[in-house]
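Just below is one structure, and these are the notes that go with it.
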Amino acid sequence: MADKTYLKTTLAIFAILFLLAQLTFAASPRYEITDLGTLGGRKSWAWAINDAGQVVGGSTIAGGGTHAFRWDSSNGMIDLSTLGGPRSEAIGINNAGQVVGNSRTAVGENHAFLWYKTDGMIDLGTLGSSSYARDINDAGQVVGSSGSHAFLWDSINGMRDLGTLAHSSWSEAHGINGCGRVVGISGDHVFLWEDSEMTDLGTLGGSRSRAFGINDAGQVVGDSTTPGERHAFIWDSTNGMVDLGTLSGNESYAYGINYAGQVVGGSNTAAGDWYAFIWDSTTGMLNLNDLLSANSGWRVLKGAKDINNKGQIVGYGYTDSGEYRAFLMTPVPPTIYYVDDDSSGANDGSTWAEAFNYLQDALSVAYSGDEIRVAQGTYKPDQGAGITTGDREATFQLINGVTLKGGY
């Protein structure tokens, strides 16, 4: 079957074909966003998400205080209570739905906890003073810090002291992957702990670095000082520590990474404003606020804390009404639109039978990442909804990241 034809003039045809050859930009992702609400108070914030879409974090409650929560789409936000004190916060969750965090006890101490729906909140104890749990893997291993040292906890051995780097007297663990590799901070450098050995991962050329997450491929994310600034990084055993840059400012922080190597965090701009970001090796660093629809209901997304293997992102920001809320962003799958000048169906572009008659109508609704399939025919830029018929100045406006396919 013949190739698709775009028609305004012969020159217009060649101009469009030339532009199509140049438009090879990667498509930006698109998201739906959900306000996770609160436990009756005014604020909430999210720290982590598992592959089932269960989210954990903290929320203020009616009457004062802050409680840990677990949220899912079926039950909404569930109060996980405390270890007897007025405050708790959930920081990590695994794919079994086990939650870890920290809570005040009835005597005012801060203790790490493990929560599960059948057991409630369990006190993990300490290494002699306060403790904080920050992550849990699918094997049920928990990492955090107690006193001045990082720990690794499991149900058989209890809490184990991971020690410190040689130049430091303190450490704290922030992430653990499915292989039991642990990352965190010791003194002023990132460490990777594996098989009882703690390795210094260095910096981006400055004096300090911190690690907050690790995926099952062994990639580590965090932030490090450069000569004069602080930047987010991704580290792996092949490339070492790679600078992820910023959103045009001088600071960025990476908090979460999934198996695909997508990284989320926060960065400032040249104007000093802070925004949540997503980074991958194809698109680089993108402001998450730019990936929402204009009527999303959110004024600004300030920070992203975690991303799961389905690409769902959690963090915190301000709604249009000024409320400080935990959010969940879910990727919207790309849409395929159909165009056929002979179609006599509903002409909504959803199938070949219901195809748009005019290419302009498909271009008006397509978003970066979508695909437009065009059947053999004649398509003029002065045809379509909202277009003035006979307008000799009308042109086809191509969209970055939208694929146009013909020959149908």
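The values are calculated or read from the model by the stated rules, or taken from the named source; none is laboratory data. Every value quoted in this text rests on a predicted model; they were computed, and no experiment measured them. In this analysis, Cβ positions are derived from the backbone assuming ideal geometry, glycine residues included, and neighbour counts consider all displayed protein chains. For the accessible areas, the whole protein counts, side chains as well, though only heavy atoms, and no ligand, DNA or RNA atoms are used. Shrake-Rupley method; radii C 1.70, N 1.55, O 1.52, S 1.80 Å.
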Original post:
Just the C-alpha atoms of region 205-335: what Rg/Rh do they give, with Rh taken as the Kirkwood radius?
Top reply: 0.97
Original post:
Which whole-Hz ³J(HN,Hα) couplings does region 73-81 yield from phi under the Karplus relation 6.51 cos²θ - 1.76 cosθ + 1.60, θ = phi - 60°, glycine and proline marked x?
Top reply: 5, 8, 10, x, 8, 10, 6, 8, 6
Subject >> Relative contact order %, the chain, counting alpha carbon pairs below 8 Å whose residues are six or more apart >> reply: 14 percent
Subject >> Long-range tail of P(r) for region 151-211 (Cα pairs > 15 Å, %) >> reply: 46 percent
Original post:
Roughly how large, in nm² to one decimal, is the mean projection of the convex hull of the alpha-carbon atoms in region 236-281?
Top reply: 3.3 nm²
**OP:** Quick one: what are the phi-derived ³J(HN,Hα) couplings along region 295-300, Karplus 6.51/-1.76/1.60 with θ = phi - 60°, whole Hz, x for glycine and proline?
**Re:** 9, 5, x, 10, 6, 7
**OP:** Hey, can you grab everything whose amide H is under 5 Å from the amide H of Lys302? Only 5+ residues off in sequence or another chain; H modelled, so Pro and N-termini drop out.
**Re:** Ala276, Tyr316, Gly317, Tyr318
Original post:
At a 1.4 Å probe radius, carbon and sulfur cover how many percent of the accessible area of the chain?
Top reply: 47 percent
**OP:** For an R0 of 22 angstrom, estimate the FRET efficiency from the Cβ-Cβ distance between Glu354 and Ala385 and round to the nearest 0.05.
**Re:** 0.90
**OP:** Provide the gained length on full extension for the span Ser73 to Val365, in nm with one decimal, where the gain is 0.36 nm per separating residue minus the Cα-Cα distance.
**Re:** 102.3 nm
**OP:** Could you let me know the centre-to-centre spacing of region 258-284 and region 124-144, using Cα atoms, in angstrom?
**Re:** 28 Å
Subject >> Residues of type aspartates and glutamates that Lys380 reaches as a straight line, Cα spacing below 13 Å, ignoring anything fewer than 8 places off in the same chain >> reply: Asp340, Asp341, Asp361, Asp391, Glu393
Original post:
Who wins for biggest fluctuation among Ser196, Ser281, Ser267 in a Gaussian network model of the chain, springs between alpha carbons below 10 Å?
Top reply: Ser196
**OP:** Along each of the three principal axes of the Cα atoms of region 293-408, give the extent in whole Å, ordering the values from largest to smallest.
**Re:** 50, 31, 24
Original post:
Per the Cauchy relation, a quarter of the hull surface: what is the mean projected area of the convex hull of the alpha carbons in the chain, in nm²?
Top reply: 24.6 nm²
Original post:
Quick one: length gained pulling Asn295 to Thr283 fully straight, 0.36 nm per residue minus the C-alpha distance?
Top reply: 1.9 nm
Original post:
Long-range amide H contacts for Val402: which residues qualify at under 5 Å (H placed 1.01 Å from N, peptide plane, sequence gap of 5 or more or a different chain)?
Top reply: Gly369
**OP:** Considering only Ala217, Ala346, Ala46, give the residue with the highest GNM mean-square fluctuation for the chain, with springs between Cα atoms whenever their separation is below 10 Å.
**Re:** Ala346
**OP:** Could you state the accessible area per residue of the chain in Å², with a 1.4 Å probe and every protein chain left in place?
**Re:** 44 Å²
Subject >> Fraction of the pair-distance distribution of region 300-351 above 16 Å, Cα-Cα pairs, percent >> reply: 60 percent
Original post:
When the Kirkwood radius is taken over all Cα pairs of region 341-396, what Stokes-Einstein diffusion coefficient follows at 25 °C and 0.890 mPa s, in µm²/s?
Top reply: 209 µm²/s
**OP:** Could you calculate, for region 31-172, the ratio of the Cα radius of gyration to the Kirkwood radius, expressed as Rg to Rh?
**Re:** 0.99
Original post:
Using Cα atoms only, what is the angle between the long axis of helix 10-22 and the major principal axis of the chain, expressed in degrees (0 to 90) to the nearest 10?
Top reply: 20 degrees
